[in-house]
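Below is one structure; the comments refer to it alone.
The values are calculated or read from the model by the stated rules, or taken from the named source; none is laboratory data. None of the values given here were measured: they were computed from a predicted structure. Using ideal geometry, Cβ is built from the backbone for each residue, glycine included, and neighbour counts are taken over all protein chains shown. The accessibility values were calculated without ligands, DNA or RNA, using every heavy atom of the protein model including side chains. Shrake-Rupley method; radii C 1.70, N 1.55, O 1.52, S 1.80 Å.
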Amino acid sequence: MSLRRFSNSHTAGLLVAVVLASGCGVCHAGIFGKSQAVPQWGLDAYKTHVPDYAKDAAAVILFDEYVETIDANGRAVEREREAIRILKPQGRGNSCEVSYDVDEKINYFRVWTIAADEKQYMAQDSDFTEEGDTGVPVMLSTRKARMVHPPAVDVGATVICESEELMEPYLQEKIWSIQNGIPVVFQALEIDLPPGRSHAESWHSYKAVAPVEAVPNHLRWEVKDMPALILRDIPSRPEWAAMAARMSVQWGEAAVAGTDNQWRAIGNWVTILEADRPAPSPEITAETQSLIAGAPDFYTKLSRITESIQKNIRYFIVMRGIGGLQANHATDIYKNHYGDCKDKTTLLISMLQVAGIHAYYMPVDDRRGIVDPAFPSLIGNHMITAIEVPADVNDPRLIAVVKGKDGKRYLIFDPTDERTPVGNLRAALQGSYGTLAAGSASQIVALPVLPPEANPNERTGSFTLASDGTLTGSVDTIRSGSGGGELRNVLKYSDEKERREALETSVAHDVPGVVLNSFQYVQPPALDKPIEIHYKLTAGLYARQAGPLLLVRPRVVGTDAAPFDDKPRTVPIDLNATGRWRDSFDITLPAGYVVDETPDPVDVDVDFATYHSTVTAKDNHLHYEREYVVRQVEIPAEKAAAFRKLQSAILTDEKGTAVLKKQ
């Protein structure tokens, strides 16, 4: 990777990073150079006028240029030049960062500042610090970062960075991020290919720009006046990186005509990379045979193996060499009882192989929308498993199944997810895309969006209301599917005190001043069984006095409303998860009171969701019931009006008040 920026729109500053060779673990002054004058390209960039559209930004990129020089073996030398103007105090955090691993080499990396008073400074060794990879809290990683804090960085200053590095030998793709959290006035990408080597390009969230070919096989793309992508104040929004414009250039095996052919080449590369990793050892074979002994059907055999991986192989990130892309051998993973996502997939494929079940690596990203089927690339941050389902197996418990272009069915399973049972799939992966790495049959696959019934939540409550407004009662919840998996995961990483505090905070959001009298989580060992939550509460002043009347909210706990606003919508709406959520609450009225008025029923039906609720009175009881069904995980911006209608109805219903009067 080369100079890269934080693309999170929440980040006021801009962080620039270039990949540096591991040989610079202890960097000498010669690598960064002694004081040198700002190069001519930097002086020219410094003179760039800040356009009016950028004046409200914290900083602006005046100039950003990549040049990729490819040798006969496909290895790239990358040079980047960038100039950033600081416009507001919030933009003073801009600095350069160099990350490096064992298979890269830096040629030079230099940073200058032209201060607001036009004085020039060059960063020296004392301005640099070095850190290990802190992207994930627990890991074994050979990647490090060398960071610089340029002198005289203040409002009006311009930071100028230049680097040249020998890239990883296996990396034969350039992902050009052309949109950031701040505007870019001018940016360019050049690819200098050796004779006879072809290229393929693809664009995401941006209209394709034709390159200029100054000389044969030397291509240059230019993009001007790219606006910042700001999603900070947009509720229910997609991932930032899913919306940001980017471009990819392939010059390796994936540099072929046709999107499907490019995906096939990428998947085949992964297949070859991991080819010998899942080979089962005698110990793995014996363990697998013991697990599946007597299994009556495909599901039982499969679930015994997957639960063994989920429960016995501790998740631990291992990143070293080949960009952390190649897994360890199944034998070592089984022996050590730990591994990262690709390792857990490797051991699972190995054990399934012993059981006579075919399974494949599937690179994905756990942020919906990052992997784009029209953007063939290795972009992604996660590895899961595609398990081939035999033609004669039609088990209703296997829900997360997709059909490939070859007609075969594949069960999508994430062995890193230790709490979601095989057959289901956590919400974050639903509606995304993954690369089925199956050799010549490799392809891009749409991950399934599960039906609402796959993620149910049933909540019942029985309460008694006193004449002074105090509410006492109990709540029982049964949760399954991906929601149940998420809850199991929370329980794994919390103690009794933390669980009580979290539950109390959640309930207090709906019932201010609530006190939990008791609570209990019931978690069956089998992952395909529902998890239960039981608690008892007391809340003073739950009902409000209004003269001789009592005002009481029938919806006691549970909030289904999602954030929304009335602003024009241009980006899709993320609904998070499909599911079916049901609430049923009974409130026993205080002696001498009857129901005088109830909220109107709510009945909203849009194509992506439905919401129904009713409040009824019988004898001395007030009964509230609702059902919320979500069928999609994301909807286009054009459906914003329907989304607002739905959320407004939910919010109104949740705030609805029943009126009690004395007989």
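For the reader, a short list of remarks on this structure follows.
- Residue within segment 207-224 that is touching a Phe, Trp or Tyr at 6+ places or on another chain (Cβ under 7 Å) and in contact (Cβ under 8 Å) with a residue 40 or more places away in the chain present: no
- Against the list (1) closer than 30 Å to C341 by Cα; (2) among the β-branched types (V, I, T); (3) at pLDDT below 95, the condition I175 fails is (3).
- Some residue of segment 99-120 being of a type in the set (F, W, Y), over 30 Å from A327 (Cα atoms) and modelled with pLDDT under 85: no
- Residue match in segment 240-250 (condition: within 30 Å of Q647 (Cα to Cα), in a loop (DSSP other than H, G, I, E, B) and open to solvent by 50 Å² or more (accessible area, probe 1.4 Å)): no
- Considering residues of segment 457-475 that are closer than 15 Å to L537 by Cα and in contact with a Pro (Cβ under 6 Å, 6 or more places away or on another chain) only, the residue least open to solvent (accessible area, probe 1.4 Å): L465
- Within the option set P235, P296, being open to solvent by less than 70 Å² (accessible area, probe 1.4 Å) and not in a helix (DSSP H, G or I) holds for one residue only, P235.
- T158 being loosely packed, with under 14 Cβ neighbours inside 10 Å, polar (S, T, N, Q) and over 30 Å from W263 (Cβ atoms): no
- Filter result for the condition that a residue is modelled with pLDDT of 90 or more, acidic (D, E) and within 26 Å of Q40 (Cα to Cα), over E165, E213, E201: E213
- Pick from segment 68-80, criterion of a type outside the set (K, R) and closer than 27 Å to V185 by Cβ, ranking: most open to solvent (accessible area, probe 1.4 Å): T69
- Restricting L503, L527, L551 to those that are hydrophobic (A, V, I, L, M, F, W, C), surrounded by 13 or more Cβ atoms within 10 Å (Cβ to Cβ) and in a strand (DSSP E or B) reduces the list to L551.
So that you can scan it fast, the table gives a plain yes or no per residue for (1) open to solvent by 50 Å² or more (accessible area, probe 1.4 Å); (2) more than 13 Å from P150 (Cβ to Cβ); (3) part of a strand (DSSP E or B):
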position: C96; (1), (2), (3): no, no, yes
position: N107; (1), (2), (3): yes, yes, yes
position: V111; (1), (2), (3): no, no, yes
position: A116; (1), (2), (3): yes, yes, no
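- Wholly enclosed strands (runs of 3 or more DSSP E) of segment 171-231 bearing at least 3 residues closer than 23 Å to G258 by Cβ and open to solvent by less than 50 Å² (accessible area, probe 1.4 Å): 173-177, 200-204
- From the list R644, R626, the lone residue that is of a type outside the set (G, A, S), more than 15 Å from W581 (Cα to Cα), open to solvent by less than 70 Å² (accessible area, probe 1.4 Å) and modelled with pLDDT of 95 or more is R644.
- Matching entry among A37, A45, A83 (being at pLDDT 75 or above, open to solvent by less than 10 Å² (accessible area, probe 1.4 Å), under 19 Å from A123 (Cβ atoms) and not in a strand (DSSP E or B)): A45
- Search result, residues across segment 428-442 that are over 23 Å from N394 (Cβ atoms), open to solvent by 20 Å² or more (accessible area, probe 1.4 Å) and either basic (K, R) or not in a loop (DSSP other than H, G, I, E, B) (or both): A428, Y433, S440
- If the condition is being more than 30 Å from S467 (Cβ to Cβ) and either in contact with a His (Cβ under 8 Å, 6 or more places away or on another chain) or not in a strand (DSSP E or B) (or both), then segment 530-548 contributes only P530.
- Sole exception among (1) without any contact (Cβ under 8 Å) to a residue 40 or more places away in the chain; (2) outside any loop (DSSP other than H, G, I, E, B); (3) under 26 Å from P39 (Cβ atoms) for E131, by number: (3)
- Test: residue in segment 376-386 that is assigned to a strand (DSSP E or B), out of contact with any helix residue (DSSP H, G or I) (no Cβ under 8 Å at 6 or more places or on another chain) and touching a residue at least 40 places away in the same chain (Cβ under 8 Å): yes
Table: residues versus (1) open to solvent by 70 Å² or more (accessible area, probe 1.4 Å); (2) part of a helix (DSSP H, G or I); (3) within 30 Å of A591 (Cα to Cα); (4) not small (G, A, S).
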| site | (1), (2), (3), (4) |
| --- | --- |
| I444 | no, no, no, yes |
| T477 | no, no, yes, yes |
| G485 | no, yes, no, no |
| R499 | no, yes, no, yes |
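- Criterion violated by L425 - all others in (1) open to solvent by 10 Å² or more (accessible area, probe 1.4 Å); (2) within 22 Å of the chain's Cα centre (by Cα); (3) farther than 27 Å from H329 by Cβ satisfied: (1)
- Flag if G267 is assigned to a helix (DSSP H, G or I) and in contact with a strand residue (DSSP E or B) (Cβ under 9 Å, 6 or more places away or on another chain): yes
- Filter result for V19 (modelled with pLDDT of 95 or more and either within 16 Å of A188 (Cβ to Cβ) or among the hydrophobic types (A, V, I, L, M, F, W, C) (or both)): no
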